[in-house]
Amino acid sequence: MTNKIKKRISLLLWIIVLVFLALVISFPKWITLFYPLPENEIVMATAQEFDVDPYLVFAIIRAESKFQTAAKSPVGARGLMQIMPETARWIATQMKLEGFQDEDLHDPAINIRLGCWYLKSLNYEFKGSIPLEVAAYNAGRGNVKQWLQDGKWDGNQRNMEGIPFPETRQYVKNVLKNYEAYKAIYDKAK
């Protein structure tokens with residue numbers, strides 16, 4: 001190896017070390033680009049009102065809509081938390097929210113409010129088990145209850161391969177990964 005090549009390799013290694021140090025020193029600032037806090041004030045206030053973890057709400061928003069308020073899934077779920085209109089109407093009735101219209105699901109404040117209420121309901125029903133709560137948010141509470149009853153999945157995070165629906169299995173893994181990232185980034189910032 002020539003001297004010129006050795007100098008280039010050495011320079012490249014120094015550049016890599018400096019970039020790495022810059023990333024470490026600026027952590028967690030750069031990572032927040034990938035895990036932002038959209039509608040932060042609404043999420044924090046509403047999560048507190050319904051006693052749900054705001055980082056779980058952000059994790060769901062990230063997985064569901066990638067922070068797009070106008071998001072609409074092929075099956076019809078809408079808004080930041082991708083709530084189905086039928087589910088939203090049921091939640092609005094339970095909350096005694098008058099005048100709710102399906103189009104309201106694209107309003108972040110309404111969407112997050114309905115989503116947080118629903119998460120609280122699922123949390124209560126599944127006795128605080130976040131994996132079960134997240135699975136029910138995606139696949140429906142009836143399906144999750146049936147899986148538990150039939151012994152297909154025990155609700156344990158370590159046994160997620162037992163989730164019968166591949167889409168829900170991937171969804172739960174994704175949301176839980178997002179949730180852990182949000183907690184790691186922002187809990188330290190307090």
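Based on this model, can you work out whether Phe67 counts as in a loop (DSSP other than H, G, I, E, B), within 18 Å of Tyr137 (Cβ to Cβ) and in the same structural domain as Gly140 (by TED's automatic domain parsing)?
On the way: in a loop (DSSP other than H, G, I, E, B): yes; within 18 Å of Tyr137 (Cβ to Cβ): yes; in the same structural domain as Gly140 (by TED's automatic domain parsing): yes.
So Phe67 fits the description; yes.
Within 22 Å of Gln170 (Cα to Cα) and surrounded by 12 or more Cβ atoms within 10 Å (Cβ to Cβ): is that true of Ile60 in this structure?
Details: within 22 Å of Gln170 (Cα to Cα): yes; surrounded by 12 or more Cβ atoms within 10 Å (Cβ to Cβ): yes.
Against the criterion (within 22 Å of Gln170 (Cα to Cα) and surrounded by 12 or more Cβ atoms within 10 Å (Cβ to Cβ)), Ile60 qualifies.
Taking Phe34, is it out of contact with any strand residue (DSSP E or B) (no Cβ under 9 Å at 6 or more places or on another chain) and more than 23 Å from Glu125 (Cα to Cα)?
Working: out of contact with any strand residue (DSSP E or B) (no Cβ under 9 Å at 6 or more places or on another chain): yes; more than 23 Å from Glu125 (Cα to Cα): yes.
Answer is yes for this residue.
Might you check whether a residue that is aliphatic (A, V, I, L, M) and part of a strand (DSSP E or B) occurs anywhere in the stretch 76-89? Lay out the reasoning, then the answer.
Quick first cut of the stretch 76-89, residues aliphatic (A, V, I, L, M) only: 77, 80-81, 83-84, 88.
Okay, now just the ones that are also part of a strand (DSSP E or B), so 83.
Scanning the stretch 76-89, I find at least one residue that is aliphatic (A, V, I, L, M) and part of a strand (DSSP E or B), so the answer is yes.
Got at least one residue in the stretch 73-91 being touching a residue at least 24 places away in the same chain (Cβ under 8 Å), surrounded by fewer than 12 Cβ atoms within 10 Å (Cβ to Cβ) and either hydrophobic (A, V, I, L, M, F, W, C) or under 19 Å from Arg141 (Cβ atoms) (or both)?
In the first step, residues of the stretch 73-91 are kept if they are touching a residue at least 24 places away in the same chain (Cβ under 8 Å); the result is 78-81, 83, 87-88, 91.
With the extra rule that they be surrounded by fewer than 12 Cβ atoms within 10 Å (Cβ to Cβ), the set shrinks to none.
The answer is no; no qualifying residue exists.
Assuming Glu98 fulfils every condition listed in (1) of a type in the set (D, E, K, R); (2) free of Cβ contacts under 8 Å to residues at least 24 places away in the same chain; (3) not in a loop (DSSP other than H, G, I, E, B) apart from one, which condition is it?
It fails just one condition, (3).
So, of the residues in the stretch 142-190 that are within 14 Å of the chain's Cα centre (by Cα), modelled with pLDDT of 95 or more and among the aliphatic types (A, V, I, L, M), which turns out to be surrounded by the most Cβ atoms within 10 Å (Cβ to Cβ)?
If we take residues in the stretch 142-190 being within 14 Å of the chain's Cα centre (by Cα), modelled with pLDDT of 95 or more and among the aliphatic types (A, V, I, L, M), then Val172 is surrounded by the most Cβ atoms within 10 Å (Cβ to Cβ).
Would a scan of the stretch 85-108 turn up a residue that is under 25 Å from Ala181 (Cα atoms) and at pLDDT 95 or above?
Step one: list which residues in the stretch 85-108 are under 25 Å from Ala181 (Cα atoms), which gives 108.
If we keep only those that are at pLDDT 95 or above too, we end up with 108.
Yes, that holds for at least one residue.
Please count how many residues of the stretch 104-143 are part of a loop (DSSP other than H, G, I, E, B) and of a type in the set (Gly, Ala, Ser).
Of all residues in the stretch 104-143, those part of a loop (DSSP other than H, G, I, E, B) come to 107, 126-129, 140.
Going one step further and asking which of them are of a type in the set (Gly, Ala, Ser), we end up with 128-129, 140.
Result for the stretch 104-143: 3.
Please pick out the residue among Ala135, Ala139 that is at pLDDT 95 or above, in contact with an Asp or Glu (Cβ under 9 Å, 6 or more places away or on another chain), crowded, with 18+ Cβ neighbours inside 10 Å and farther than 20 Å from Tyr35 by Cα.
Numbers: Ala135 fails: in contact with an Asp or Glu (Cβ under 9 Å, 6 or more places away or on another chain).
Result of the check over Ala135, Ala139: Ala139.
How many residues, within the stretch 133-183, are in contact (Cβ under 8 Å) with a residue 60 or more places away in the chain and either in contact with a His (Cβ under 9 Å, 6 or more places away or on another chain) or of a type in the set (Gly, Ala, Ser) (or both)?
Residues that pass the stated criteria total 1.
The values are calculated or read from the model by the stated rules, or taken from the named source; none is laboratory data. Model, not experiment: these values are computed from the prediction. Heads up, the Cβs are rebuilt from the backbone with ideal geometry, glycines too, and the neighbour counts pull from every protein chain shown.
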